[in-house]
Amino acid sequence: MQPIMNTYGRLAATFTHGKGAYVYDTDNRAFLDALSGIAVCGLGHGHPAITQAICEQAGNLVHTSNLYGIGRQQELAEKLTAISGMDNVFFSNSGAEANEAAIKIARKFGHNKGVDLPTILVMENAFHGRTMATLTATANKAAQAGFGPLLDGFERINFNDLDAAKQAFEHNPNIVAVLVEPVQGEGGVTCATDEFMNGLRTLCTANDALLMLDEIQTGNGRTGEYFAFQHFDWHPDVLTTAKGLGNGVPIGACLAKGKAAEVLQPGSHGSTYGGNPLACAAGCAVIDTITQENICKRVTELGERIRQKLQQHLDQTGYVKEYRGKGLMIGVVLNTEENAAGIMKSALEAGLLLNVTAGNVVRLLPPFVITDEEADLIAEKTAEQITAYFAVQK
Ligand SMILES: *Cc1c(COP(=O)(O)O)cnc(C)c1O
């Protein structure tokens, strides 16, 4: 029996160290990382400012619990609220836990105004995590299979279907919140349309419901703004983030604004580790680095560059149905109904880390610190793998 529980289908590589956009395996072979640990290491591997912050904090104080004040947590909360315009923040240790906090805020918000069966509107193809509540909110039947009973209090509509959202509010007076990803990551790198996002904001305001954005993947610079909602001219009521916030140190955050910011009170929610000094020191260094180095603008440039290069390599081939995404969240939708997950393995063998999601979408989530040359190399190697895949299919 293997000592690690069998929950992951792993590829045959084990990495020991990394620098910038490269990681190195046990044989010291270099791999170009176009995945960033699934949108986590936005600042790449071994970033000096993040390493220094973690090391310094580890030497001073790692953990004391939320029974006492935590200076680093205060500091990170100030940075996060300043950069987002949200009012306050609850810290967790992961994305799913940040969404759990959001779901609890929505339910309590509902009960506070006399809704006994508060319901959260969620989307087809959504991914929100794997705890019981977030698994219920997630749209993946395979991920849910065998774990019933799921939770009550969720209603699902098609992503980008504003009419369906309107109808849901009309027929169901129990809807207290909408939970949505600005760009669906796991679901296939699909962007919410401007019409859908703006429409949901209007609908939530009109119906006294909370607009809750899952920015666990889109946050922390990934789409070319610090948060993806900043491509619009309004604020959500609740926003969750995680992944890129710690650049690899586990941390999650649930931010709230206005009436949503006053729902949780002492005793209503908590976490032993959440917002501990070590995780918050990493978070502070991430925000400082992203803002001081104007990285969001660079993310937009790099995203456009990689997309253009991919098009140069692939446009004549007919292998690509569509390019999707925003900033350095890039989805290449392949012109096949077959599952193309094999590209992950062939790319790995060729020294490139990438991902395939939703069956036929090659997903690139490169670190923001790549050079132009590394961006071009990612596009070139990705195109090579796609070309090789279709050559074998024929
Ligand atoms: C990764 C992800 C989650 C879950 O985060 P975990 O840290 O794995 O719990 C939730 N929502 C979205 C959009 C994600 O990309």
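Springs between alpha-carbon pairs under 10 angstrom, Gaussian network model over the chain: which of D116, D208, D27 fluctuates most?
Per the Cα network of the chain with a 10 Å cutoff, D27 tops the list.
Once the Cα atoms of the range 200-253 are picked out, what are the Rg and Dmax in Å?
12.3, 39
Rounded to the nearest 0.05, what FRET efficiency do N174 and T300 give with R0 = 30 Å and r taken as the Cβ-Cβ distance? Could you check?
For N174 and T300, the calculated efficiency is 0.15.
Can you give the Kirkwood hydrodynamic radius for the range 208-286, in Å, rounded to one decimal and based on Cα pairs?
Taking every pair of different Cα atoms in the range 208-286, averaging 1/r and inverting gives 13.6 Å.
State the extension gain, in nm to one decimal, for the chain segment bounded by L61 and A143, taking 0.36 nm per residue of separation less the distance between their alpha-carbons.
Contour length minus the Cα-Cα distance gives 25.7 nm.
Between N198 and E75, what FRET efficiency comes out of the Förster formula 1/(1 + (r/R0)^6) with R0 = 41 Å and r the beta carbon distance, rounded to 0.05?
It comes to 0.75.
Could you work out [θ]222 nm for the chain from helices alone, using -39500 (n - 2.57) per DSSP H run of at least four and dividing by all its residues? Round to the nearest 500 deg cm²/dmol.
So the helix-based figure for the chain works out to -11500 deg cm²/dmol.
List the relative contact order of the chain as a percent without decimals, with contacts defined as Cα pairs under 8 Å and 6+ residues apart.
Relative contact order here is 22 percent.
Against the 2.2 N^0.38 Å scaling, with N counting residues, where does the range 250-391 land? I'd like the Cα-based Rg ratio to two decimal places.
Working: Rg = 19.6 Å, N = 142, 2.2 N^0.38 = 14.5 Å.
That works out to 1.35 for the range 250-391.
Pairwise over distinct Cα atoms, reciprocal of the mean inverse distance: report the Kirkwood radius of the range 331-394 in Å, one decimal place.
Working: mean 1/r = 0.0832 Å⁻¹.
For the range 331-394, the Kirkwood estimate is 12.0 Å.
What is the fewest-to-most order of V189, V333, V392 by other Cβ atoms lying within 10 Å of their Cβ?
Ordered from fewest to most neighbouring Cβ atoms within 10 Å, V189, V333, V392 come out as V392, V333, V189.
Which pairs in the list K257/K321; K297/K381; K259/K326 are over 28 Å apart, alpha-carbon to alpha-carbon?
K257/K321; K259/K326
Tell me, what are the semi-axes, in whole angstrom and largest first, of the equivalent ellipsoid of the range 151-284 as set by the roots of 5 times the Cα gyration tensor eigenvalues?
Semi-axes from the Cα gyration tensor: 26, 19, 13 Å.
Relative contact order (percent) for the range 249-378, with alpha-carbon contacts under 8 angstrom and 6 or more residues of separation?
Values: 127 pairs, mean separation 24.7, N = 130.
Reported relative contact order: 19 percent.
List every residue whose amide H lies under 5 Å from the amide H of M123, counting only residues 5 or more places away in sequence or on a different chain, with H placed 1.01 Å from N in the peptide plane.
Amide H neighbours of M123, under 5 Å, 5+ apart: I157.
Let's test the formula: R0 of 22 Å, r as the Cβ-Cβ distance of E155 and R130. What FRET efficiency results, to the nearest 0.05?
Computed FRET efficiency for E155 and R130: 0.60.
Around D372, with a cut-off of 12 angstrom between Cβ atoms, what is the net charge of the other residues, counting Lys and Arg +1 and Asp and Glu -1?
-2
Would you work out the Kirkwood radius for the chain? I mean one over the mean of 1/r across all pairs of different Cα atoms, in Å.
Value: 21.7 Å, from the Cα pair sum.
When the chain is fully extended, how far beyond the present Cα-Cα distance does T14 get from R29, taking 0.36 nm per residue of separation?
Result for the pair: 4.4 nm of gain on full extension.
Under a straight-distance cross-link criterion of Cα-Cα below 19 Å, which aspartates and glutamates are reachable from K19, leaving out those fewer than 8 residues away in the same chain?
Within the straight-line limit of under 19 Å, K19 reaches these aspartates and glutamates: D27, D33, E293, D372, E373, E374, D376.
Give me the number: length gained by fully extending D87 to Q2, i.e. 0.36 nm times residue separation minus the C-alpha to C-alpha distance, one decimal in nm.
26.0 nm
Given contacts defined as C-alpha pairs under 8 Å and at least six residues apart, what's the relative contact order of the range 182-297, whole-number percent?
Working: 145 pairs, mean separation 25.5, N = 116.
It comes to 22 percent, rounded to a whole number.
How many angstrom lie between the C-alpha centres of the range 7-49 and the range 125-142?
Between the Cα centre of the range 7-49 and that of the range 125-142, the gap is 27 Å.
For the chain, modelled as a GNM with alpha-carbon contacts under 10 angstrom, which of G85, G267, G318 fluctuates the most?
With Cα springs under 10 Å in the chain, the top fluctuation among G85, G267, G318 is at G267.
Considering the chain as a Gaussian network with a 10 Å cut-off on Cα pairs, which listed residue, D33, D376, D25, attains the greatest mean-square fluctuation?
Maximum among the listed residues: D25.
Which whole number in µm²/s is D for the range 38-80 by Stokes-Einstein, with the Kirkwood Rh taken over Cα pairs at 20 °C and 1.002 mPa s?
175 µm²/s
Quick check: pseudo-label points 7 Å beyond the Cα along Cα→Cβ at I38 and H231, how many nm apart are they?
2.2 nm
Could you let me know the centre-to-centre spacing of the range 59-113 and the range 161-198, using Cα atoms, in angstrom?
The range 59-113 and the range 161-198 have Cα centres separated by 25 Å.
Which of L353, L76 has the fewest other C-beta atoms within 10 Å, and how do the rest follow up to the most?
The order, fewest Cβ neighbours first, is L353, L76.
Laboratory data are not the source of any read-out in this text; all were calculated from the coordinates shown. Note that this is a predicted model, so its numbers are computed, not measured. FYI the Cβ positions are ideal-geometry reconstructions off the backbone, even for glycines, and counts take in every protein chain you see.
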